[in-house]
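Report on the following structure.
The values are calculated or read from the model by the stated rules, or taken from the named source; none is laboratory data. Because the structure is predicted, anything quoted here is derived from the model rather than measured. Backbone-built Cβ (ideal geometry, glycine too); neighbour counts: all protein chains shown.
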């Protein structure tokens, strides 16, 4: 076998350790490559040089007197660092599943670790050759929805679960009559016996197709096809057959193989829901930053990715939301940007439009509101109009109050948002 | 649509909240079923009765003055509770992926939550009808490996990554000559360019088949087939064609759809690696207990499930390891036990045999040691023999030191274990 110049995979972490940080870093690198806790005869220097993970960077941030997580080795002090490791691509090849086991495998459990969070990934171009990325992304989503500029003004079918197919279609009719661009199923509504997927799609697509004829553009509905693979394929095919333009899946529920296979099969944009993101991220000393997680999902083929929203009803702070959205928009590879469309939701109204636009400098996004639309005293159409007016103001740099002077729906909305 | 008596899905949680616990419980139940933050006209009492999640149990454990996780609502005190919720099966049907989005979806991010961990699942029999569970489990694994009683004495190819196919086969030959029952690839070794899967399997299976002829039983090798779905299917087929008896996958890397599809395709036991378990579990106030996680993996079809090991080199305490192993062995449904085989590994030697057997009362398990076998001064065969002698002693209730009097390999081993 001929040695070749190695492309390398880089992953960065926030590390906290009760050990000497340099030693802890070496243990992590060893655990995730060629190291064992007992020195073996065949663990040669050549093998380690070729296959070992490397500590590329280790910068101390600060120290703490108590460990963030239990179970690690005790220290007199716990050092927090930025750690960057690299692996030769030869260890695993450009495989997303094996990337997961390598950069986010057994290392979080090590005794040397009292806190570990993956914060960044840099992948060699071989990954861009091996995986397709989003098939539609921003451009394809704008084309299919007929929204050439500004955000897609969106909403979520509510109540999350409990409506019949016909009741769902009625709600969709109200929204389409009101001028909505984008509607999604709730992640709790897939194919429950009370609201079977096929019946729901048939009922909803009758309304969507009627609406499209009247409007000259087709509002995009993301049908939640989350399920086993054959179910997802069947549901995708039905949506496509009936003229639908988007399918949605809960990415942490189906897993990477589910998304990769869905991308292979799909002729429609894939709306990636991040339900469960809390258990990947809510402890600051453990788990995943959104940056590396969304890179993997984009490579695998997600066209839209949820990023929560400013002033959301959840526990995520605004700077984290904006960092997530920027990550989703950031090009991944030279010549293969694979940008996806960030989806803002959770307690959103037009009031979040100025801050969202100011932070991103683009309206290449989906902004979904529920109560922010349905709660408008003038009804759903007024709610959608007000939300769009808020975005017009945001993009023009006009304060909402000023814009509201000549826009009645926005004026009314500002009283309840 | 006719209302039918509802089968319900139950999930239990450890909850910490700065809110009134009863209110927090209702918010979680609402978020994960029919609730919205704005009351909608179509959110009728009938709908809530039919589709709402129910708080079945809420028991205060204790209180804390500080929140475990940041971002939640502030309280003067933080109450920790056991919370049990239930959902009507009609909301989602017996779908594992949608179960994930329901019991482990957006709830962890709620502001009402300063800690949330899923601790138990009780699923209605419809899930046992919808999913097959392990195809081989304990009985099938014993049959294929020719190990009628006692644990499968196992080991892991080390170094984790870096050996060529021929070097891997050499190590396998040494182990089989030494009398090993079970060998697994490391989770870092799948199909890297330096050690391509097909070449490795061909080289290793030549050795395994030769060994089987000599032994009259075939040692089981779990080849790591983790990859995209078509790759996993191809690799499975090659292992099967060459007479192999087990395939391994990193479950958190492939995800649920990957495992479900692999189970559908596979004619071999599926060795379920839990790499990444740390980021699901290491923060006590967040994420997953092993109990509910392994239930989902067993339903989807895992035959073997990693549970770490007593006195392991990681950060998990012994009681957690034993609880995990007991969970894997516990029958899931009346008439459909779906028991899988627990796999003990990480810094293991024969010294952990007595404690492991005493805690479980069974040797229906795989016990894998690396250094504990390779480090034996008498060589690999002596290492395997000593490990087996330790288990013989454990199962007979004889202290290792006593058993060592008449067993030289164990006697030597006790000096370095």
Out of the residues in segment B:103-139 meeting the condition of being part of a helix (DSSP H, G or I) and over 21 Å from the mean Cα position of the chain (by Cα), tell me which one is farthest from the other protein chains (Cβ to nearest Cβ).
B:129
Quick check: anything in segment A:53-71 free of Cβ contacts under 8 Å to residues at least 12 places away in the same chain and more than 7 Å from chain B (Cβ to nearest Cβ)?
no
Within segment A:399-413, is even one residue part of a helix (DSSP H, G or I) and crowded, with 24+ Cβ neighbours inside 10 Å?
yes
Output yes when any residue across segment B:49-56 is on the phi > 0 side of the Ramachandran plot and out of contact with any strand residue (DSSP E or B) (no Cβ under 8 Å at 6 or more places or on another chain), and no when none is.
no
Condition broken by residue B:112, with the remaining ones in (1) farther than 22 Å from residue A:192 by Cβ; (2) in contact with a strand residue (DSSP E or B) (Cβ under 6 Å, 6 or more places away or on another chain); (3) surrounded by fewer than 17 Cβ atoms within 10 Å (Cβ to Cβ) satisfied:
(3)
Need the failing condition index for residue B:143 against (1) surrounded by fewer than 23 Cβ atoms within 10 Å (Cβ to Cβ); (2) touching a helix residue (DSSP H, G or I) at 6+ places or on another chain (Cβ under 8 Å), just the number.
(2)
Out of segment B:222-231, which residues are closer than 21 Å to residue B:157 by Cα and more than 8 Å from chain A (Cβ to nearest Cβ)?
B:222, B:223, B:224, B:225
Is it the case that some residue within segment A:151-168 is in contact with a helix residue (DSSP H, G or I) (Cβ under 7 Å, 6 or more places away or on another chain), in a helix (DSSP H, G or I) and either surrounded by 19 or more Cβ atoms within 10 Å (Cβ to Cβ) or more than 14 Å from every other protein chain (Cβ to nearest Cβ) (or both)?
yes
For residue A:341, all conditions in the list (1) more than 15 Å from the chain's Cα centre (by Cα); (2) at negative phi hold save one; what is the number of the exception?
(1)
Cβ-Cβ under 7 Å pairs, at least 6 apart or on other chains, segment B:119-145 side closer than 30 Å to residue B:83 by Cα, far side at pLDDT below 95:
B:124/B:7; B:126/B:7
Residue list for segment A:339-351, restricted to those being at pLDDT 95 or above and within 14 Å of another protein chain (Cβ to nearest Cβ):
A:343, A:345, A:348, A:349
Counted residues, segment A:72-82 - those being loosely packed, with under 15 Cβ neighbours inside 10 Å and within 14 Å of another protein chain (Cβ to nearest Cβ):
1
Just a yes or no: is a residue in segment A:26-47 farther than 30 Å from residue A:256 by Cα, facing chain B (nearest Cβ under 8 Å) and assigned to a helix (DSSP H, G or I)?
yes
Is at least one residue of segment A:358-368 surrounded by 24 or more Cβ atoms within 10 Å (Cβ to Cβ) and assigned to a helix (DSSP H, G or I)?
no
Counting just the residues of segment A:188-212 that are in contact with a strand residue (DSSP E or B) (Cβ under 7 Å, 6 or more places away or on another chain) and within 15 Å of residue B:90 (Cα to Cα), which one comes out nearest to the other protein chains (Cβ to nearest Cβ)?
A:190
Do we find that residue B:70 is part of a loop (DSSP other than H, G, I, E, B) and over 22 Å from residue B:20 (Cβ atoms) in this structure?
no
Does at least one position in segment A:61-72 carry a residue that is at pLDDT 95 or above and under 28 Å from residue B:226 (Cα atoms)?
no
Selection status of residue B:58, touching a helix residue (DSSP H, G or I) at 6+ places or on another chain (Cβ under 7 Å), surrounded by 22 or more Cβ atoms within 10 Å (Cβ to Cβ) and within 23 Å of residue A:278 (Cα to Cα)
no
Going through A:354, A:331 one at a time, which residue ends up being at pLDDT 95 or above, surrounded by fewer than 24 Cβ atoms within 10 Å (Cβ to Cβ) and assigned to a loop (DSSP other than H, G, I, E, B)?
A:331
Looking at segment B:92-102, can you tell me whether even one residue there is free of Cβ contacts under 8 Å to residues at least 60 places away in the same chain and outside any loop (DSSP other than H, G, I, E, B)?
yes
Has segment A:247-256 got any residue that is more than 21 Å from residue A:123 (Cα to Cα) and surrounded by fewer than 22 Cβ atoms within 10 Å (Cβ to Cβ)?
no
Step by step: first the residues of segment A:169-182, then only those that are crowded, with 19+ Cβ neighbours inside 10 Å and assigned to a helix (DSSP H, G or I), then the one that is nearest to the other protein chains (Cβ to nearest Cβ). Which residue is that?
A:171
Among the candidates B:323, B:311, B:302, B:336, which residue alone is surrounded by fewer than 18 Cβ atoms within 10 Å (Cβ to Cβ), within 14 Å of another protein chain (Cβ to nearest Cβ) and in contact (Cβ under 8 Å) with a residue 12 or more places away in the chain?
B:311
Just to be sure before I move on: is residue B:85 surrounded by 21 or more Cβ atoms within 10 Å (Cβ to Cβ), over 19 Å from the mean Cα position of the chain (by Cα), within 14 Å of chain A (Cβ to nearest Cβ) and assigned to a strand (DSSP E or B) in the structure I sent?
yes
If a residue has to be assigned to a helix (DSSP H, G or I) and within 12 Å of residue B:166 (Cβ to Cβ) to count, how many in segment B:191-201 make the cut?
2
Being under 30 Å from residue B:358 (Cβ atoms) and buried (at least 24 other Cβ atoms within 10 Å of the Cβ), is that true of even one residue in segment B:227-243?
no
Could you count how many residues in segment B:257-266 are free of Cβ contacts under 8 Å to residues at least 60 places away in the same chain and more than 10 Å from chain A (Cβ to nearest Cβ)?
1
Kindly list the number of the only condition in (1) assigned to a loop (DSSP other than H, G, I, E, B); (2) over 24 Å from residue B:191 (Cα atoms); (3) in contact (Cβ under 8 Å) with a residue 24 or more places away in the chain that fails for residue A:79.
(1)
